[in-house]
Each structure stands twice: as structure tokens, then as C-alpha cells.
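The values are calculated or read from the model by the stated rules, or taken from the named source; none is laboratory data. Model, not experiment: these values are computed from the prediction. Don't worry about glycine lacking a Cβ; one is built from the backbone with ideal geometry, like all the others, and counts go over all protein chains shown. For the accessible areas, the whole protein counts, side chains as well, though only heavy atoms, and no ligand, DNA or RNA atoms are used. Shrake-Rupley method; radii C 1.70, N 1.55, O 1.52, S 1.80 Å.
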Amino acid sequence: MERKGIRALVLNRVDIPDYIEYLPVKECNKCQASLLDSEPVKYIERQVFEPGRPGEFEVTAHRAEVKICTCGCRNQAEFPEGVTAAAQYGSATQAMAVYLNQYHFLPFKRVSEYFNTLYKMSVSAGTVANFVARTYENLLLLKRLFVTPCGNRLLPEPMKRVWRAEGSLHWLHVMRDEQWTLYYLSEKRGREAMDTMGILLTFAGVLVHDHWKSYFAYAATHVLCNAHHLRELLGVVDRDSNQLALRLMKLLRLSWHYCKGFKTIGMLQMPSVVCERIEKIYDRLLQRALMKEVVYMEKQREELKRKKVKNTKAYNLFKRLTEFKAETLRFMSDFTIPFDNNGSERDVRMAKLKQKISGCFRSADGGSMFARIRSYLSSARKQGMDIYQSLHRAVRNYCNMPLLSAE
């Protein structure tokens, strides 16, 4: 399968391979008679090309015997799984190419140059694209594997970031926890894309997000990211020199510091006395901050002689923190709930890095391939698996078997 605009070169067999593996025929497929003493009438050879020492590549010739039984049945030895062509690249070559393209974000042509320069192998850019497409197909079960173990677990930090594919705007949605990452590329930003993603429809755990309204449509326990709150409060401090916003920042940071301290001594939640004290200070600060903004907006209305003026950004932020107090401070009542969704920021950072290194995608198919393969690599890394070996298993996953486990 070739990608648009990229041509795959034909791989020719060599006359003298480096290694030869003979595949014998032991018995007749029809009458089960022993053929160990029978002479082969011919050999069918298939060659596999792999990287060798720097400056060299290695060719392994698989020679399958063909024998004729006394019953007239023609018998041919079976080739190893995945050896299907007269000349082909091996699984190590495929895994290395996908690793360079999907993990280190090298464009197809630069991956081709890598093999040509280091191993004198003529691996075209189109062939690298074919390796990526084949790995994508071998990871068909990844989404189902993600849904199954996370059904009753903490599933924090949905995120979205903008990409371009086929010249149009696309959104990269990310769902993740400590064991799994799932990327999903869609032209839609809101609930339609999340429903198609299929994770949140049945999820009933804890959802940590940045207050995007589409998330509140799902029946989950919602938690708001306080890293976003701290950045917004800092903006209010820098813009308005608002000391109440500064005190709110210090209160949130101090609360998280207390949580980490109590957690180190084995506690599961903050003591009720401390929690109540923090909530009282939180309420008092927000009440004063809101009143200050209301007075400011009333003064603006009178000066401009209008019936109504637009709410300030500070007012909207303080109002949101007041209305969503439980979602903001939920980390104090359960130490398994994170303070922010910075984990999602880290997971999505690699996708943005790919965009900076090798640009966007010519087609939405390329973006979907990246999303699925990157989901697999990120999940494998979280589960303590070797990235290259995980890719090696993926390119050899001819039967599309499960490759990851959260255990």
C-alpha cells in the first residue's frame, strides 16, 4: 500500500545471501507418510533484508523444500510467519523505521536517508510509509484495550490541540491515565468527537479537565485543573495588580503542599479541620474579589453612561471559582485525584513536537495512523515496556493480538 505522492522502490534479491535457513518437509500433508529420506525436487527461496553492522546489511535466505510423496501429493515447507515475498525487509527494519518516524518524528525521506547512509540499504520513503500503515493496521485492538482496563479507574485529563491535515483544521483529543494514553484525531472539537471516541459515554470515574463545557455533558465526577486556574489568576495579578487573586494563588498552592505532606504519612484525605479552614478562607477571598469587580464594573457603567457593561475577565474567573468550588477543591478530599492535568499536557507535547519537526499531514489518514501508533507507544512506556521491542512486536502482530496489559 503506497501513500499519495510517495513511491516505494522494488527490492531485488541478491545472488549470495549472508545466511541460509533450510526449511524441511518432514511428512506428507495428505497421507502423513515420512518424507525425511526423500530428496527435494526443488527449493523455493525468499530473502529477508535486515540492518547489520554499520555500513552493511544482512540477507537471510529462507529455502523451503518441495517434495513429492509416493501418493502423488506435492508438499512444500512452510515459511516463517511474515515471510511472504521473494525479497522483503525484515521485522527489525520495519520496527526501526517506524520507531524513527513515529517516536523521533523523522520525515519519511530522512528515515530513508538514515538506512541508506548507515546500512547502505535502499529503503525508500514510500516503503517507510508502508511500514507505518502496516503497523497501524496491526494495532486495530488498541482502542478496545484502552476502554476495558479503564472502565472503573481514574481517567483524568482530556485535552485537545489543533493540527492541520489535508489543509483543514483538525483537533487532537487526548484521554489518559497513569497506564494508558489514547489519541484521537477529529475535525470536531466538542461532544460529537468525544462521543465518536467512545470513552466518556460509559465512563463513571473521575474526569480532570480544563472546564471545556462539552465535558460536563458526561456523567462523571468532574475535577477542574488548578494549573489552569493558577495561570488565569496570574494573568489577573499582572493585568490588574489584584492582591486578592495573588492570595488565592498562594492558597491553592499551600493546599496542594499540605495534601502532599499528609499523603506522605499515609493519609487518604486532608483532615476535616484543615479542609474547613481552607474552604472558609477560599470563600472569603472570592467574596471580596467578586465585590471588588462588581464595584469596578458599576463605576465603568456610570462613566460610560450605559445600562450594562461587559463583565471583566477577573469577574468571570472569580464567579467560576465560586460556582465550581467543589470541582476546584476536590483534590483535598481524595488524594488519588490530581491537582492539575499536567499529565495530559506532557502527553500532548510530543504531538506538538512532531508538528514542529516534520510538519502536519497530507491526509487525515496519516494523522489517524500517528494517533494510534503514538497511543500504543505512550501506553507501552507508561507500563514500563521497552519502546523498540514494543514496536517490534507490533510489526509482527499479524493476527492482531493484544499487545498491552495494565497489570
- Scanning for something within 14 Å of LEU244 (Cα to Cα) and of a type in the set (Phe, Trp, Tyr), does the stretch 283-305 turn up at least one residue? no
- Message: I'm checking my understanding of the structure. Among residues of the stretch 378-388 that are in contact (Cβ under 8 Å) with a residue 60 or more places away in the chain and surrounded by fewer than 20 Cβ atoms within 10 Å (Cβ to Cβ), which one is farthest from the chain's Cα centre (by Cα)?
- Response: TYR388
- Query: Only one of these conditions is not met by THR312: (1) in contact with a Lys or Arg (Cβ under 8 Å, 6 or more places away or on another chain); (2) surrounded by 15 or more Cβ atoms within 10 Å (Cβ to Cβ); (3) among the polar types (S, T, N, Q). Which number is it?
  - Reply: (1)
- Of the listed residues (GLU293, GLU345), the one being more than 26 Å from the chain's Cα centre (by Cα) and charged (D, E, K, R) is GLU293
- For residues that are part of a strand (DSSP E or B) and β-branched (Val, Ile, Thr), scanning just the stretch 40-60, find the one that is surrounded by the fewest Cβ atoms within 10 Å (Cβ to Cβ). ILE44
- Query: Any chance the stretch 260-281 includes a residue that's in contact with a helix residue (DSSP H, G or I) (Cβ under 8 Å, 6 or more places away or on another chain), of a type in the set (Asp, Glu) and over 15 Å from PHE331 (Cα atoms)?
  - Reply: no
- Message: Criterion first (surrounded by fewer than 18 Cβ atoms within 10 Å (Cβ to Cβ) and modelled with pLDDT of 85 or more) does ASN341 satisfy it?
- Response: no
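Among the residues of the stretch 23-76, write down those that are within 30 Å of VAL128 (Cα to Cα) and of a type in the set (S, T, N, Q).
The answer is GLN47, THR60.
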- Message: Here is a check on your reading of the model: is VAL132 farther than 30 Å from PHE203 by Cα, in contact with an Asp or Glu (Cβ under 7 Å, 6 or more places away or on another chain) and either in a strand (DSSP E or B) or at pLDDT 95 or above (or both)?
- Response: no
- Have a look at ASN12, ASN75, ASN29 and point out the one that is among the polar types (S, T, N, Q), surrounded by 17 or more Cβ atoms within 10 Å (Cβ to Cβ) and either in a strand (DSSP E or B) or modelled with pLDDT under 95 (or both). ASN75
- Message: Among (1) open to solvent by 40 Å² or more (accessible area, probe 1.4 Å); (2) touching an Asp or Glu at 6+ places or on another chain (Cβ under 6 Å); (3) not acidic (Asp, Glu), there is one condition LYS352 misses while meeting the rest; what is its number?
- Response: (2)
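Residue check: is THR93 out of contact with any Cys (no Cβ under 7 Å at 6 or more places or on another chain) and at pLDDT 90 or above?
yes
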- Item | Residue check, GLU81 touching a Phe, Trp or Tyr at 6+ places or on another chain (Cβ under 9 Å), outside any loop (DSSP other than H, G, I, E, B), closer than 21 Å to ARG393 by Cα and open to solvent by 40 Å² or more (accessible area, probe 1.4 Å) | no
- Query: Only one of (1) open to solvent by less than 50 Å² (accessible area, probe 1.4 Å); (2) out of contact with any Leu (no Cβ under 7 Å at 6 or more places or on another chain); (3) closer than 27 Å to PHE361 by Cβ fails for MET194. Which number is that?
  - Reply: (2)
- Regarding TYR19, is this residue without any contact (Cβ under 8 Å) to a residue 60 or more places away in the chain and in contact with a strand residue (DSSP E or B) (Cβ under 9 Å, 6 or more places away or on another chain)? yes
- Query: Given (1) open to solvent by less than 70 Å² (accessible area, probe 1.4 Å); (2) among the β-branched types (Val, Ile, Thr); (3) farther than 29 Å from GLN94 by Cβ, where does THR70 come up short, assuming only one miss?
  - Reply: (1)
- Going by the conditions given, is GLN88 open to solvent by less than 40 Å² (accessible area, probe 1.4 Å) and under 21 Å from LYS120 (Cβ atoms)? yes
- Of the residues that sit in the stretch 234-273 and are among the hydroxyl-bearing types (Ser, Thr, Tyr) and over 22 Å from ALA289 (Cα atoms), which one is least open to solvent (accessible area, probe 1.4 Å)? SER272
- When every residue in the stretch 390-407 that is more than 23 Å from PHE108 (Cβ to Cβ) and among the polar types (S, T, N, Q) is compared, the one most open to solvent (accessible area, probe 1.4 Å) is SER405
- Query: Got at least one residue in the stretch 362-370 being surrounded by fewer than 21 Cβ atoms within 10 Å (Cβ to Cβ), within 30 Å of GLN94 (Cα to Cα), of a type in the set (A, V, I, L, M, F, W, C) and in contact (Cβ under 8 Å) with a residue 40 or more places away in the chain?
  - Reply: yes
